[in-house]
Every structure is written in C-alpha cells, then in structure tokens.
Amino acid sequence: MPLTRSKTRPGLSSPTRSWQFETIGTHWWIGIFEPVSQARFERVQTAVDDRIEHFDKTYSRVLLDSRVTEVSKKEGCSEFRGDCVKLLSFYRQ
C-alpha cells in the first residue's frame, strides 16, 4: 500500500498557498501555512527553483554538464565548494 502524507498541519485545515512539481527524480509538494502575498509567494518559488537548479548543476549523475559528471571523467582529486561538505557529512551519519 503506498504511503500517503497529509497536506495539512495541526490546527490548520489547509495551506494558504501551495504548488507541486517533479524534479530530482521525485514528486514535490510545497505548502505555505501562513498568509503571504502573491509577490512573496513568487519569490519563494523562484528561490526554490534556483536552489534546485544549483543542486542539479552540481550533484546530478544524469546531467552531462553537472559537476559530478565532470569529476567522474577525471582521475585524481577534485575540489567541491559550498554545501558539499555538509552534504557528505550528513551522508556519513
């Protein structure tokens, strides 16, 4: 039986704004549970889209121009910057 998750939060019947999309190999649903203007909602969507694009450009195994793909084709050591250290640290846990 597939796992289903509630799209509500205790004390709130539904989000004030939400959107869904597919990326990074899965389906995403994001809900905002407090009043926000359309302009702010669009800024949040843009920030999420930008972060996903950055993540894909760095870590995707399927994109031919990602940093991971580039490193996989070279011998020796490679340097990653940004959140890679945190990501690898989380992976080791």
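The values are calculated or read from the model by the stated rules, or taken from the named source; none is laboratory data. Computed from a predicted model, the values in this text were never measured in an experiment. Neighbour counts are summed over all protein chains in view; Cβ atoms, including those assigned to glycine, are modelled from backbone coordinates with ideal geometry. Side chains included, ligands, DNA and RNA excluded: accessible areas come from the protein's heavy atoms. Shrake-Rupley method; radii C 1.70, N 1.55, O 1.52, S 1.80 Å.
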*Probe 1.4 Å, all protein chains in place: accessible area of Thr26 in Å², nearest 10?*
70
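Assuming R0 = 25 Å, what is the FRET efficiency of Ala47 and Lys74, from their Cβ-Cβ distance, to the nearest 0.05?
0.20
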*Scan (1) 17.3, 60; (2) 17.6, 54; (3) 13.7, 40 for the value of Rg and Dmax of the Cα atoms in Å calculated from this model and give just the label.*
(2)
*Value of [θ]222 nm, deg cm²/dmol, for the chain, DSSP H segments ≥ 4, -39500 (n - 2.57) each, nearest 500*: -12500 deg cm²/dmol
*Expressed as an acute angle from 0 to 90° and rounded to the nearest 10, what is the orientation of the C-alpha long axis of helix 38-59 relative to the principal long axis of the chain?*
20
*Quick one: accessible surface of His54, probe radius 1.4 Å, all protein chains present, in square angstrom to the nearest 10.*
90
*Do any trypsin sites (Lys or Arg not before Pro) in segment 40-93 lie in a DSSP loop with no more than 13 other beta carbon atoms within 10 Å, and if so, which?*
Arg61, Lys73, Lys74, Arg81
*Can you give the extra length, in nm with one decimal, that the chain gains between Ser60 and Leu87 once fully stretched, where that is 0.36 nm per residue apart less the Cα-Cα distance?*
8.4 nm
